[in-house]
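Take a look at the structure below.
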Amino acid sequence: MKISNAELIISAAKKFQFPEGPFPEVALSGRSNVGKSSFINTLLTRKGLARTSQQPGKTQTLNFYFINRRFHFVDVPGYGYAKVSKSERAAWGRVMETYISTREQLKGVVLLIDARHKPTEDDLKMYDWLKYHDLSVLIVATKADKIPKGKWDKHVKIIKEDLQVEEEDTVILFSSETSYGKDRAWKEINALLYS
Ligand code: GTP
Ligand code: MG
């Protein structure tokens, strides 16, 4: 996809801040540090657009990126970061519940999983929760550059088995380091947005 325009339009902490309008959107979810912001930057070929960091738990708002004035990417706070307080975690849970269960523009979710490890308990819960809300999910196994190619199939198989990925959902390998999987990711995201 050719990106002619990409801008962060709002970092929303509350529902009233979610942008209105008819534009379809795809949200990015995954545990802290899995590579959500890097994924957005790689897809958009914009290095510093979505803030990435070594410090997990940095993204604490729903960040709406408006792409080509046609659709939104929504960068969601990462889960599973131990140092986030209980009350912060509960507040995040409430915003997310509202967003996932009421947002009509939401056409699907990209769930990012670290390709190197088995999905965590939080990953399993997140996938089940998204399916409970009847959302289409694209699973992106990140940091593929950190595992040898010969092991890729095995790691994808483990993710599929552990999450009990439904027939309609796709699992792809991805690397923000090498851009591996970028074209496939765009194809799948287009399918989420416009089908
Ligand atoms: P939060 O916003 O804290 O939830 O994190 P995030 O999921 O947005 O992760 P982010 O994109 O900030 O990346 C976290 C760290 O992983 C950074 O140091 C990235 O450079 C690194 N990283 C992300 N994707 C990849 C990848 O595909 N390969 C490698 N080798 N490193 C990556
Ligand atoms: Mg981030």
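Some points to look at:
- Of all the listed residues (73, 16, 66), the sole one being at pLDDT 95 or above, more than 15 Å from the chain's Cα centre (by Cα) and not aliphatic (A, V, I, L, M) is 66.
- Within the stretch 52-61, tally of residues that are under 28 Å from residue 145 (Cβ atoms) and either modelled with pLDDT of 95 or more or surrounded by 14 or more Cβ atoms within 10 Å (Cβ to Cβ) (or both): 6
- Close Cβ contacts (under 7 Å, 6 or more residues apart or on different chains) running from residues in the stretch 14-38 that are free of Cβ contacts under 8 Å to residues at least 60 places away in the same chain and closer than 13 Å to residue 74 by Cα to residues that are within 6 Å of ligand 1 (Cβ to nearest atom) and among the β-branched types (Val, Ile, Thr) comprise 37/52; 37/59.
- Among the residues of the stretch 156-178, the ones that are assigned to a loop (DSSP other than H, G, I, E, B), in contact with a Phe, Trp or Tyr (Cβ under 9 Å, 6 or more places away or on another chain) and buried (at least 16 other Cβ atoms within 10 Å of the Cβ) come to 4 in all.
- If you go through the stretch 127-155 and keep only what is outside any helix (DSSP H, G or I) and not hydroxyl-bearing (Ser, Thr, Tyr), you end up with 133, 134, 135, 137, 138, 139, 140, 141, 143, 147, 148.
- Tally, over the stretch 7-43, of residues that are within 16 Å of ligand 1 (Cβ to nearest atom) and crowded, with 18+ Cβ neighbours inside 10 Å: 18
- Of the listed requirements (1) buried (at least 21 other Cβ atoms within 10 Å of the Cβ); (2) over 17 Å from residue 179 (Cα atoms); (3) among the β-branched types (Val, Ile, Thr), residue 120 misses just one: (1).
The values are calculated or read from the model by the stated rules, or taken from the named source; none is laboratory data. Since this is a predicted model, take the numbers as computed values, not measurements. Backbone-built Cβ (ideal geometry, glycine too); neighbour counts: all protein chains shown.
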